[in-house]
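All remarks here apply to the structure that follows.
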């Protein structure tokens, strides 16, 4: 069964445009190898961090939206954890619209 996920990760601010594209392609390919589909990539650009992370005050934000089996997340996050280019990452499971309407209907009848 596939589930929708959203992953936001922050790359080091000193990376060049080509290095950013290589990192994005690397993680996109890794997800595809794990069975992910409908991968949507949004480069949010360089932004100021709320607090210093690994001596960086800025970071390049990348957002990925995709559907994948649950087994794809662990190797994907492991690759990010081992990379020196990624300073933070977060993956969240997206709630589907039909799940939301079912919850609203259940709460209305209760």
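None of the figures in this text is laboratory data; all of them are computed from the coordinates on show. Since the structure is predicted, the reported quantities are computational estimates derived from the model, not experimental observations. Positions of Cβ are generated from backbone atoms using ideal geometry, with glycine treated the same way; all protein chains shown enter the neighbour counts.
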Checklist entry - Could you count how many residues in segment 1-42 are farther than 23 Å from residue 69 by Cβ, free of Cβ contacts under 8 Å to residues at least 60 places away in the same chain and either crowded, with 16+ Cβ neighbours inside 10 Å or in contact with a strand residue (DSSP E or B) (Cβ under 6 Å, 6 or more places away or on another chain) (or both)? => result 2
Checklist entry - Can you find even one residue in segment 43-56 that is surrounded by 12 or more Cβ atoms within 10 Å (Cβ to Cβ), outside any helix (DSSP H, G or I), free of Cβ contacts under 8 Å to residues at least 40 places away in the same chain and within 15 Å of the chain's Cα centre (by Cα)? => result yes
